[in-house]
Structures are given as structure tokens and as C-alpha cells.
Amino acid sequence: MSDHPALPEIPVALFSFLLHFVWEFLQVPTYAGMAEMAHWQGIKLCTAATIGDVGFALTAFWTASLVARTRHWIGDQVALPVLVFLATGIALTVGFEFYYTEIVYRWTYSDLMPLVPPFGTGLSPLLQWIAIPPVVLWLTRRHLGGASELNGR
């Protein structure tokens with residue numbers, strides 16, 4: 001039996017979904033119109049944003065996997081893939097926030113959102129991608145370590 005689970009992406013996606021879903025709801029007041037939105041419409045919008053966050057997390061995971069030359073880098077305690085994972089998520093966040101707030105105007109920030117130069121990225125989505133990914137990696141590492149122990153590693 002292999003020392004590595006077949007799909008490390010599954011816990012990355014699962015933990016990303018759970019943590020980003022909560023964050024999306026907590027940052028509702030920092031987006032214009034969200035606090036006044038109908039309940040079900042807000043849930044659908046936050047769920048869609050969370051699915052996008054999971055896409056970012058998986059893109060960041062696969063980018064880090066290319067650098068590490070293995071999809072099983074999370075348990076290896078090597079700094080470079082972790083930094084690539086974090087940097088990719090932050091870069092995607094800055095790029096997408098700029099595109100959607102400054103180019104196509106899909107959403108706007110409320111007056112409660114502090115902006116971070118140079119692109120005017122909202123502080124909340126930036127903090128989201130600084131705070132949540134390390135927790136996702138920690139939970140995934142623990143989860144995969146527990147799976148390895150169960151498999152007799």
C-alpha cells in the first residue's frame with residue numbers, strides 16, 4: 001500500500017471550502033449591497049465565491065506541486081512549495097479583485113473596506129488569503145498524517 005493518499009487535493013478542497021465559506025459570510029459588510037441583499041441571494045453569492053476560493057486553492061496547490069515535483073509535498077515540511085502555495089493564492093486574489101472591482105465592476109467594496117495599494121485590493125480578501133491557506137495546509141497535513149497512520153505507515 002502507498003505511503004501517500006491518492007488524492008491530496010480532496011482535503012485541500014474540503015478544508016478550503018469550509019474555512020472560506022465562513023470568511024465569505026463574515027466579510028459581507030465590506031462589499032457594497034451585500035448586507036441588504038435577500039438572505040437566499042446572499043447565500044448563493046457567498047457559496048459561488050467560496051467555490052471560486054476552492055479553485056484558487058487547488059490552482060495554488062497544483063502550482064506548488066509543480067515546484068515540489070510531487071503532489072504529496074504538504075507532509076514534507078519543505079518551505080518552497082508552501083511559499084509558492086501562499087504566493088499563488090495571494091496573486092490570484094489581487095488579480096481577480098482588481099479585475100472584478102476596477103475593470104468589469106462585478107462587485108464593489110463598501111465604505112467599511114480598507115484598500116491596500118498599489119491595486120486597491122480590499123484588505124478583507126487579502127487577509128483571507130494570508131490567514132486561511134496556512135490553516136488549510138495545517139489541517140490537511142494532520143488529516144493526511146492520520147490517514148497514513150491508519151494505513152500502517
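Add +1 for every Lys or Arg and -1 for every Asp or Glu among the other residues with Cβ under 13 Å from the Cβ of PHE21, and state the total.
Taking every Cβ under 13 Å from that of PHE21, the sum is -1.
Which value, in debye to the nearest 20, gives the size of the charge dipole of the chain about its Cα centre, when Lys and Arg are +1 and Asp and Glu are -1 at the Cβ?
Magnitude of the dipole: close to 340 debye.
Provide the per-residue ³J(HN,Hα) series for the stretch 24-33, in order, calculated from phi with Karplus coefficients 6.51, -1.76, 1.60 and θ = phi - 60°, each as a whole number of Hz, with x at glycine and proline positions.
For the stretch 24-33, the Karplus-derived couplings read 4, 6, 5, 8, 3, x, 8, 10, 4, x Hz, x marking Gly and Pro.
Work from the charge dipole of the chain (Cβ charges, +1 for Lys and Arg, -1 for Asp and Glu, about the Cα centre) and give the residue of LEU45, ALA6, SER16 farthest towards its positive end.
So the residue we want is ALA6.
Could you tally the net charge around PHE56, taking each other residue with its Cβ under 15 Å from the Cβ of PHE56, Lys/Arg +1 and Asp/Glu -1?
In short, -4.
Given the DSSP H assignment, sum -39500 (n - 2.57) over each helix run of at least 4 residues in the chain and divide by its residue total; what's the result at 222 nm in deg cm²/dmol, nearest 500?
That comes out to -22000 deg cm²/dmol.
Find the Cα radius of gyration of the chain, compare it with 2.2 N^0.38 Å by division, and give the number to two decimals.
It is 1.14.
Dividing the convex hull volume of the alpha carbon atoms of the stretch 87-151 by its residue count, what do you get in Å³ per residue?
So the per-residue Cα hull volume is 103 Å³.
Where does the Debye-calculated log10 I(q)/I(0) of the stretch 33-75 sit at q = 0.19, 0.22, 0.27, 0.32 Å⁻¹, using only Cα point scatterers of equal weight, no solvent?
Treating every Cα as an identical point scatterer, log10 I(q)/I(0) equals -0.62, -0.70, -0.87, -0.99.
Taking a probe of 1.4 Å, how large is the accessible area per residue of the stretch 31-153, in Å²?
Result: 58 Å² of accessible area for each residue.
Using a 1.4 Å probe over the heavy atoms of the protein chains, calculate the carbon and sulfur portion of the accessible area of the stretch 1-64 as a whole percent.
Heavy-atom surface of the stretch 1-64 belonging to carbon and sulfur, 1.4 Å probe: 76 percent.
The values are calculated or read from the model by the stated rules, or taken from the named source; none is laboratory data. Because the structure is a prediction, the values reported are computed rather than measured. Backbone-built Cβ (ideal geometry, glycine too); neighbour counts: all protein chains shown. To get the accessible areas, we keep the full protein, side chains included, count just its heavy atoms, and leave off ligands, DNA and RNA. Shrake-Rupley method; radii C 1.70, N 1.55, O 1.52, S 1.80 Å.
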